[in-house]
Amino acid sequence: MAIDTNPIAMAAITSVGTAGMPRHHLAIFAALLVFLIAAPFLLYPVFVMKVLCFALFACAFNLLLGFGGLLSFGHAAYFGMASYVSAHAAKVWGLTPELAIVAGTLVAAVLGLAIGSLAIRRHGIYFAMVTLAFAQMVYFFSLQAAFTGGEDGIQAVPRGYLFGLIDLRSSEVLYFFVLAIFFAGILLIYRIIHSPFGQVLKAIRENEPRAISLGYRVNRYKLALFVLSATLAGVAGATKAIVFQLASLTDVYWTMSGEVVLMTLLGGMGTVFGPIVGAAVIVTMQNYLATFGDWVTIGQGLIFVVAVLLFREGIVGVLAKWIRKPL
Amino acid sequence: MFELLGIPPQVLFGQLLLGLINGSFYAVLSLGLAVIFGLLNIINFTHGAQYMLGAFGAWMLLNYLGVGYWWAVFIVPPIVGVTGIVLERLLIRRLYHLDHLYGLLLTFGMALIIVGFFRQFFGVSGLPYPPPPLLTGGHNLGFMYLPNSRAWVIFASLIVCLATWFIIEKTRLGAYLRAATENPTMVGAFGINVPLLVTLTYGFGVALAGFAGVLAAPIYAVNPNMGSDLIIVVFAVVVIGGMGSILGSILTGFGLGLIEGLTRVFYPEGSAVVIFVIMALVLLVKPAGLFGRSA
């Protein structure tokens, strides 16, 4: 039932083991860090922060799909709910930004535990439908609950003072806070993938009955992965609420769940760096095509169709094939 | 007049009737999904868009060609079915050898494209579709007022559902279809054109969605987004019922519509989520679904 991820990327997991990072991964991480430190001086910082939030969201989603073989069609629930809670915590409770993000993340984790423990009872297509349906339930809850502000969302969220000390109102200062969160997030995901836990997940994805026969409690592993993925999606959503000073229904709607699937598919499922590239492409496209209204939706649909039919490895998957190294 | 828990019977029966209408759409749509899933093993995410196409088809016939509702009921579903057949032949066919999740992603992309185009050209405000004369007015049943348009939707959905059940369970074509669901290779070896059967099945399932769309046109506004949220609820209906049985899909659809209507009477805030809550309970108690065979 596993979705066929890039075989080269898979080989990486076996060749690296738990020891350390292969040299070219280290080089890419270093180059990425250098580029991202320089980025706010070259590009509009708020735009780059948006890319970073969505890239972390897509990486969290890819952890579940690419490395666990579980297609969730409802990841907007964790992203959006964390965004609401973080916005509410910062605005109404007056928490500092880092505590607001922690609050949002915790709620996403609990929500992930609740939905995940039900969803893992079904497999494959049913799993996707169940997660989508529960996410829609979260959407209806957000539409009706008092604290979310309904159609208006939570607006004018204060960016506040980091640790109560550093003023984040300047986008340049905030940028480095977001960069730190993003980088910590993807390094954590990298660590999870290459840990013994990640190896077991790989075994489950490739052959679940066999993993069961070897004595692994498969459902616990799946649930743990689901919660981790939901939690990290929550980090991304909570951070986005602080950056844009806004939490709205867009973040919990099913279109958001579709977008994160698209970013991951386009960048390369089961690759480490693919979702980052996919998120950058999609967010850029949305930014430049924003004035064309529904053509953005049509464009996203076209990318979906083309990617599924012709381009299943994704951008980074194809690159990995060219250089014959896992990315 | 009697009252139940302080709720006047007109309100109660009115909401139950609305629930039954929603249930009709759940039943026809989940039936189409189940028929498609049985043979193609994909979940047709485009189903909501194809339901919308049915409603727009009826609207276009009326506004561009002056063709009325009763013709549309017969003309539009085959047309929508043919668009489905084209999509199956051109795109979906290429994915059968891959993991079924790719089918979900492809049909999701197709839904985005179709809905996007209709939003671009028709806006999102919704277009009115005047009900035909026969469907205006209604009957007073004593305990409630039954509008003709509502009665027709329930009647027509029931007929279509039962006809579908009859075709699949009682005819030779249906026997081929059931056999191909169990073992396509074996059925092919007996000289039956399985790829053609697959194409026709997809077309038929899509035509059911188109039919639901035509039924919806006079009661709801014709809107590009009309299928997007509905299809997610239908997914939950499918999870609750399981896709193993045709009658099961029909019963689950109507039943959940009624429960939703009841919830709207006694706890209106919960009516939007009650189906999802039931889905959670079913997953806890009987993960394969009420009528499902364990996957």
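The values are calculated or read from the model by the stated rules, or taken from the named source; none is laboratory data. Keep in mind that this is a model prediction, so the values were computed, not measured. With ideal geometry, Cβ positions are generated from the backbone for all residues, glycine too; neighbour counts draw on all protein chains shown.
Rundown of residues vs (1) within 13 Å of chain B (Cβ to nearest Cβ); (2) surrounded by fewer than 24 Cβ atoms within 10 Å (Cβ to Cβ); (3) in a helix (DSSP H, G or I); (4) among the hydrophobic types (A, V, I, L, M, F, W, C), yes/no style:
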{"residue": "A:Gly234", "(1), (2), (3), (4)": "no, no, yes, no"}
{"residue": "A:Ala241", "(1), (2), (3), (4)": "no, no, yes, yes"}
{"residue": "A:Thr264", "(1), (2), (3), (4)": "yes, no, yes, no"}
{"residue": "A:Leu319", "(1), (2), (3), (4)": "no, yes, yes, yes"}
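When B:Arg178, B:Arg150 are checked against the criterion of being within 23 Å of the chain's Cα centre (by Cα), crowded, with 16+ Cβ neighbours inside 10 Å, assigned to a helix (DSSP H, G or I) and charged (D, E, K, R), a single residue qualifies: B:Arg150. Apart from one condition, B:Ile167 fits all of (1) under 29 Å from B:Asp229 (Cβ atoms); (2) within 19 Å of the chain's Cα centre (by Cα); the exception is (1). Just for region B:219-238: of the residues that are over 14 Å from the mean Cα position of the chain (by Cα) and outside any loop (DSSP other than H, G, I, E, B), which one is surrounded by the most Cβ atoms within 10 Å (Cβ to Cβ)? Here the answer is B:Val222.
Looking across B:Val214, B:Val206, B:Val198, one residue alone is surrounded by fewer than 24 Cβ atoms within 10 Å (Cβ to Cβ), at pLDDT 90 or above and either in a helix (DSSP H, G or I) or among the basic types (Lys, Arg) (or both). It is B:Val198. How about region B:55-112: which of its residues are among the aromatic types (Phe, Trp, Tyr), within 25 Å of B:Val124 (Cβ to Cβ) and either within 14 Å of another protein chain (Cβ to nearest Cβ) or surrounded by fewer than 20 Cβ atoms within 10 Å (Cβ to Cβ) (or both)? Within region B:55-112, B:Tyr64, B:Phe108 meet the criteria. Restricting region A:272-311 to residues that are at pLDDT below 90 and outside any helix (DSSP H, G or I), the residue that is nearest to the other protein chains (Cβ to nearest Cβ) is A:Asp294. Any residue at all in region B:13-34 that's farther than 27 Å from B:Phe108 by Cβ and out of contact with any Gly (no Cβ under 8 Å at 6 or more places or on another chain)? Yes, there is a match, as at least one residue in region B:13-34 is farther than 27 Å from B:Phe108 by Cβ and out of contact with any Gly (no Cβ under 8 Å at 6 or more places or on another chain). Evaluation of A:Met256 against the conditions (1) closer than 28 Å to A:Ile323 by Cα; (2) crowded, with 19+ Cβ neighbours inside 10 Å; (3) more than 9 Å from every other protein chain (Cβ to nearest Cβ) shows that the sole unmet condition is (1).
Of a type outside the set (Lys, Arg), in a helix (DSSP H, G or I) and within 19 Å of B:Ala156 (Cβ to Cβ): does that describe B:Leu62?
Yes: the conditions hold for B:Leu62.
So which residues in region B:250-269 are of a type outside the set (Val, Ile, Thr) and away from chain A (no Cβ under 14 Å), if there are any at all? Once the filter is applied, which keeps residues that are of a type outside the set (Val, Ile, Thr) and away from chain A (no Cβ under 14 Å), region B:250-269 yields B:Leu251, B:Gly253, B:Phe254, B:Gly255, B:Gly257, B:Leu258, B:Gly261, B:Leu262, B:Phe266.
Count, please, the residues in region B:248-295 that happen to be closer than 30 Å to B:Thr181 by Cα and of a type in the set (Phe, Trp, Tyr). Spell out the reasoning first.
Filtering region B:248-295 down to residues closer than 30 Å to B:Thr181 by Cα leaves B:248-257, B:275-276, B:278-295.
With of a type in the set (Phe, Trp, Tyr) added as a condition, the list becomes B:254, B:276, B:291.
Counting residues in region B:248-295 that are closer than 30 Å to B:Thr181 by Cα and of a type in the set (Phe, Trp, Tyr) gives 3.
A single member of B:Ala272, B:Ala288, B:Ala236 is more than 28 Å from B:Gly126 (Cβ to Cβ), at the interface with chain A (Cβ under 9 Å from one of its Cβ atoms) and either among the aliphatic types (A, V, I, L, M) or in contact (Cβ under 8 Å) with a residue 60 or more places away in the chain (or both), and it is B:Ala288. Across region B:250-273, the number of residues qualifying as outside any loop (DSSP other than H, G, I, E, B), touching a Phe, Trp or Tyr at 6+ places or on another chain (Cβ under 8 Å) and farther than 24 Å from B:Trp165 by Cα comes to 0.
Counting the residues of region B:91-121 that are assigned to a helix (DSSP H, G or I) and over 17 Å from B:Gly48 (Cα atoms) gives 8. Screening A:Ala135 on (1) touching a residue at least 60 places away in the same chain (Cβ under 8 Å); (2) over 22 Å from A:Val235 (Cβ atoms) shows it passes everything except condition (2).
Of the numbered criteria (1) part of a helix (DSSP H, G or I); (2) away from chain A (no Cβ under 11 Å); (3) surrounded by fewer than 24 Cβ atoms within 10 Å (Cβ to Cβ), the one B:Ile278 fails is (2).
Report those helices (runs of 4 or more DSSP H) wholly inside region A:1-99 carrying at least 1 residues which are modelled with pLDDT under 90 and among the polar types (S, T, N, Q). Walk me through it before giving the result.
Values: elements: A:7-16, A:23-42, A:45-68, A:76-91.
Here the list reads A:7-16.
A Cβ distance below 8 Å, combined with a sequence gap of six or more or placement on separate chains, defines the contacts here; from region B:24-37, residues that are free of Cβ contacts under 8 Å to residues at least 24 places away in the same chain reach no residue that is outside any helix (DSSP H, G or I). Within region A:109-121, not a single residue is surrounded by fewer than 22 Cβ atoms within 10 Å (Cβ to Cβ), away from chain B (no Cβ under 14 Å), modelled with pLDDT under 90 and outside any helix (DSSP H, G or I).
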